[in-house]
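What follows is a single structure, written as structure tokens, with notes after it.
Every read-out reported here was derived from the displayed coordinates using simple, explicitly stated rules and does not represent laboratory data. Just so we're clear, the structure is a prediction, and the values are computed from it rather than from any experiment. Reconstructed Cβ throughout: ideal geometry from the backbone, glycine too, with neighbour counts over all protein chains shown.
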Amino acid sequence: MFNYINNFISLTPIRYFLNVVDILLVAIILYILYLLIYNTRAYVVIRGLFVIFILTILSKILGLQTVTWFFSRFFQVGIIAIVILFQAEIKQGLIILGSSTLFRTAIGYDTNDVQKIINAVYIMSQKHLGAIIVFQRKVSLHTFIEKSIALDARISSELIETIFYNYNPLHDGAMIINQNRIAATSAYLPLTTNEPKGKRRYGSRHRAALGISEQTDAVAIIVSEETSNVSIAFAGELICDLEKEETIKHLNKILGAK
């Protein structure tokens with residue numbers, strides 16, 4: 001039966017149509033993989049692997065047997081090394097893929113609301129008030145919002161400062177911003193298992209910000225209670241010691257604020 005179907009397909013124009021579908025499916029898969037790794041540490045590594053792949057092909061064409069042997073062994077071990085080294089990025093990509101958010105447009109944040117948040121951040125920085133504020137993008141943070149204190153409040157600098165005031169019972173944990181609203185506060189986020197780069201030791205706020213940025217596509221802004229420095233965590237990377245204008249530039253670019 002299957003042989004009959006295969007013979008029928010091979011002798012009809014359906015074969016040409018299926019070949020086109022086959023090529024399109026491969027192109028879509030490659031595009032999805034590109035979206036998953038773009039703007040991550042793995043993206044740079046993949047570019048390097050692509051260069052090595054080209055060199056492998058050239059070595060085969062030129063008959064360089066030793067070089068060909070070396071690169072072929074490198075790829076065999078390299079795949080395992082990539083899985084181990086970039087498990088956070090792979091996990092983030094699978095979460096995005098599993099959340100059916102790959103082709104969903106990220107939430108468009110209002111520039112005025114982002115500015116209010118940044119103003120509050122730098123006022124808290126001057127007062128040495130620690131804070132962590134997370135912006136939801138494509139991947140839903142509903143799981144974290146459920147376990148926190150729901151607010152659904154309009155964004156205002158005064159409210160944010162009040163929430164993170166040391167003696168406020170809501171100041172522990174993170175604030176989550178969703179669709180230009182303060183969705184929740186006192187949210188507890190997963191801590192990163194990776195050691196942040198550099199010699200500086202980071203506290204739980206920075207580790208929580210990195211953790212949420214590794215497991216989702218969210219961006220977090222952190223105010224250090226000890227140093228009063230402002231940092232941003234995004235895609236598993238930490239950008240530290242930001243001036244106000246730098247923070248505005250980074251957030252508007254990541255959030256696509258209008």
> What residues have an amide H closer than 5 Å to that of residue 181, excluding those fewer than 5 places away on the same chain, when H is modeled at 1.01 Å from N in the peptide plane?
Replying inline: none
> Quick one: if you stick a label point 7 Å off each Cα along the C-beta vector at residue 253 and residue 228, how many nm between them?
Replying inline: 2.7 nm
